[in-house]
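Have a look at the structure below before the remarks.
Each value in this text was obtained by applying a stated rule to the coordinates, not by laboratory testing. Values in this document were obtained by computation on a predicted structure and should not be read as measured data. Because the Cβ atoms are built from the backbone with ideal geometry, glycine has one as well, and the counts that use them run over all protein chains shown.
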Amino acid sequence: MSDKLIIFDTTLRDGEQSPGASMTRDEKLRIARQLERLRVDVIEAGFAASSNGDFEAVQLIANTIKDSTICSLSRANDKDISRAAEALKGANRARIHTFIATSALHMEKKLRMTPDQVFEQAKQAVRFARNLVDDIEFSPEDGYRSDPDFLCRVIEAVINEGATTINVPDTVGYAIPELYGNFIKDLRERVPNSDKAIWSVHCHNDLGMAVANSLAGVKIGGARQVECTINGLGERAGNCSLEEVVMAVKTRRDYFGLELGIDTRHILAASRMVSQTTGFVVQPNKAVVGANAFAHASGIHQDGVLKARDTYEIMRAEDVGWTANKIVLGKLSGRNAFKQRLQELGVQMESEAEINAAFTRFKELADRKSEIFDEDILALVSEENVSQHKEQYVFVSLSQHSETGERPQASIVFTVDGKEVKGTAEGNGPVDASLKAIEAHVKSGAEMVLYSVNAISGSTESQGEVTVRLQNSGRVVNGVGADPDIVVASAKAYLSALNKLQSKADRVAAQG
Ligand code: KIV
Ligand code: ZN
């Protein structure tokens, strides 16, 4: 058995299915570039048949990324599979990932198909896909809750049809590590041609065990591919987190004995990029990428780490990219230094005009904030990306007044399709007043389901990064805004969410 563990990242597909996490084509490409830098083996770039937007995103990523295998999800039917193959045409290495549910519950209630029909459709799908690309992954959806006898029959058949990877999803996050590990082991022992495919694990985090289950699938079950997402992004409680699974295998090489192709120094930048793009904030105590992951507050710990780092640290912060968290630029930094830092951060800008626009924003920020960190640059570039898209609503300026004992007031100027408008309102606090001032004009009627503020680089001198999640007519979107003034950041986040609500992106959930 191989001692290489394949890392299959599905941030851009399963991660994106998380409510409000949907991304534009360009945002997906930017993240795909970061995943390539991270040396992820397989990037699941999307679900090509789900929408024109997703088709274009998969196509763009397939045409651009050269070092990772690019994969598209596809239901088990000829139409979806052909669409996936078409989107993947430009890829150096292409994979089609086709799936159909195999649990009694899903077959009967969701698909309304008999087991025999599912068996035939799975076989037929893999046979069809095999004529289009060589690399075929098959997933029996809700595999962990499926009847093992039926599962063995389906898996044996799809391997005979040419499936090269067999992925066994715990779609609803129901598994327990030991049981899941043994489940994979039993399948591998019982399926006669199991050695003809690479076995893969795909765990959801509903009981907080996605990483533990995946590792058990590797250690006990002998899986050699883990499907995961940056920051564990994903529907409900999310997916298995890439950074945790990778650092577990790397740090405990003594136990797992497996090789990884991942360049872990790019983990933190990937985490920041995904968080800033989707508005899903990383909790401070999150393993590996949380702000406190390497912070020692207690005197005894600090003392120990100063004497010998391994007294309290099992990983080196710099191995996952934490050293990047230093002052990098300031007011006097020139365009060249800015451009070079962008390159070092792996941010690719398409034209000199784009760099100039980002540099102007950088100068404006440096006038207000003496120390500029990498996180500030990444936030600024995210905003720059958004502003290029001729958004309907664009922030211009804001003034607000709040005083103890008085009701705060705000007035905001923003453009609607290029035309300046002004809104004024009162609210419970300055943020509330500012957002009401926007709403007074826009009248979106959207419901706010989440509002959160995060200090980008930790102190009160930092920029505030605000996430606003809005819901309207069944759509959920996240808007993100950053500014040293958190009221302005809030207004920007609100306008960004309104812009997303406004966009006509149609999406079909892979498991709908
Ligand atoms: O969780 C799941 O079952 C999936 C499949 C589509 C692989 O994401
Ligand atoms: Zn999934």
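Things worth noting here:
- Seen through its C-alpha gyration tensor, with square-root eigenvalues sorted a ≥ b ≥ c, the range 164-249 comes out prolate because a/c lies at 1.5 or above while a/b is bigger than b/c.
- Pairwise inverse Cα distances across the range 184-342, averaged and inverted, put the Kirkwood hydrodynamic radius at 18.0 Å.
- Neighbours of residue 451 by Cβ distance under 10 Å: Lys/Arg scored +1, Asp/Glu scored -1, total 0.
- Theoretical gain in end-to-end length, residue 443 to residue 2 [0.36 nm per residue, Cα-Cα removed]: 152.9 nm
- For the chain, the antiparallel share of DSSP beta bridges with both residues in that region comes to about 50%.
- Where Rh is the Kirkwood radius over Cα pairs, Rg/Rh for the range 407-512: 1.00
- For residue 263 and residue 127, the difference between the fully extended length at 0.36 nm per residue and the C-alpha to C-alpha distance is 45.4 nm.
- Per residue, the convex hull spanned by the Cα atoms of the range 6-278 measures out at 110 cubic angstrom.
- Take each peptide in 110-122, 275-287, count the other Cβ atoms within 10 Å of every residue, and average; sorted highest first, the result is 275-287, 110-122.
- Rg to Rh quotient for the range 1-108, alpha carbon positions, Kirkwood Rh: 0.99
- Straight-line cross-link reach from residue 250 at under 12 Å between alpha-carbon atoms covers these aspartates and glutamates, not counting any fewer than eight positions away in the same chain: 259, 263, 319.
- Each stretch of four or more DSSP H residues adds -39500 (n - 2.57); spread over every residue of the chain, this sum gives -12000 deg cm²/dmol at 222 nm.
- Alpha-carbon centroid distance for the pair the range 190-251 / the range 276-321, whole angstrom: 24
- Most to least packed among 237-245, 329-337, 89-97, 216-224 [average Cβ atoms within 10 Å]: 237-245, 216-224, 89-97, 329-337
- Other-chain or far-sequence residues with amide H under 5 Å of residue 465's (modelled H): 454, 455, 456
- Over the range 325-385, the reciprocal of the mean inverse Cα-Cα separation, the Kirkwood hydrodynamic radius, stands at 11.3 Å.
- Coarse-grained scattering of the range 110-202 at q = 0.21 Å⁻¹, given as base-10 log I(q)/I(0) from a Debye sum over alpha-carbon atoms: -1.05
- Long pairs among 79/109; 28/339; 123/286; 110/436; 307/369, criterion Cα-Cα beyond 31 Å: 123/286; 110/436; 307/369
- Estimated translational D of the chain in µm²/s (Stokes, Kirkwood radius over Cα pairs; 4 °C; 1.567 mPa s): 54
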